[in-house]
Amino acid sequence: MGYLTPDFMFATYRDLTPAYLKERGIDVLIMDIDNTLAPYEQPEPDECIMTWLAEMQAAGIRLAFVSNNNRERVELFNQKIGIRAHAKSGKPFGKTLRRVIRSYGSDASHTAILGDQLLTDVFAGKHIGATALLVPPIKDKTTAFWRIKRALEKPIIKKYVKKHPEQAAH
């Protein structure tokens, strides 16, 4: 269960601040896109996302997108931002995450992974020794696969929130 338990939960990505990251010695933030920053059907970042990312960068946080989605989706979303971005990343496996961290000359202990899924984002972050940050999905898919995946996550999140009621984001 340890690899599936986030280090912290936020109600939304906007609640994650540069101060929170800096207090924990984190200078690299690797983010999922879909259902973490924007719903699947939102092809480009809105003004709120752009402002939040600019605040992170102004504070010296180095950013990257690591997504399991396709290259076209990731490149379109990143077009106006221009940060490091990796599609078809193979999360929860950590190869791409490690490559991003090394490219910044950092290590996992100074890195946070932000995502909406325990079985990919949180597991990947915890597995490589990074701080794993979770937000609830913005708009979940309703296919059988996603319903099963979320059902598997539910008891872990429920247990986490019970231990950390101040983080009750769901």
By what distance, in whole Å, do the Cα atoms of the stretch 50-123 stretch along each of the three principal axes, largest value first? 30, 30, 22
So what is the diffusion coefficient of the stretch 1-100 in µm² per second by Stokes-Einstein at 4 °C and 1.567 mPa s, using a Kirkwood Rh over Cα pairs? 91 µm²/s
Which of these, G94, G125, G25, has the largest mean-square fluctuation under a Gaussian network model of the chain (Cα springs below 10 Å)? G25
Filter the cross-link list K126/K149; K22/K88; K22/K91; K88/K149 down to pairs whose alpha-carbon distance in this structure exceeds 22 Å. K22/K88; K22/K91
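As a test of the formula, what do you get for the chain when each DSSP H run with n ≥ 4 contributes -39,500 (n - 2.57) and the sum is divided by the residue count, at 222 nm and rounded to the nearest 500 deg cm²/dmol?
-10500 deg cm²/dmol, from helical runs alone.
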May I ask you to rank K22, K80 by accessible area, largest first, using a 1.4 Å probe over the protein chains only? K80, K22
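Give the dimensionless ratio obtained when the Cα radius of gyration of the stretch 72-167 is divided by 2.2 N^0.38 Å.
Working: Rg = 14.8 Å, N = 96, 2.2 N^0.38 = 12.5 Å.
The value comes to 1.19.
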Reduced Cα scattering model of the stretch 1-47, Debye log10 I(q)/I(0), q = 0.18, 0.20, 0.27, 0.33 Å⁻¹: -0.73, -0.87, -1.17, -1.25
Reduced to Cα centres, the span from the stretch 91-132 to the stretch 51-75 in Å works out to 14 Å
One checks the Cα atoms of the chain and finds Rg and Dmax, in Å, of 14.8, 41
Here the residues of the stretch 12-37 lying in the modelled label zone of E75, meaning backbone nitrogen under 19 Å from a point 7 Å along Cα-to-Cβ, are 33-34
Exposure rank, largest accessible area first [D116, D15, D27; 1.4 Å]: D15, D27, D116
Of E75, E23, which has the most accessible area with a 1.4 Å probe, and how do the rest follow in descending order? E23, E75
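The values are calculated or read from the model by the stated rules, or taken from the named source; none is laboratory data. Predicted model, so just to flag it, every value in this text is computed and none were measured. As a convention, Cβ positions derive from the backbone with ideal geometry for all residues, glycine included, and neighbour counts pool all protein chains shown. With ligands, DNA and RNA removed, areas are computed over all heavy atoms of the protein, side chains included. Shrake-Rupley method; radii C 1.70, N 1.55, O 1.52, S 1.80 Å.
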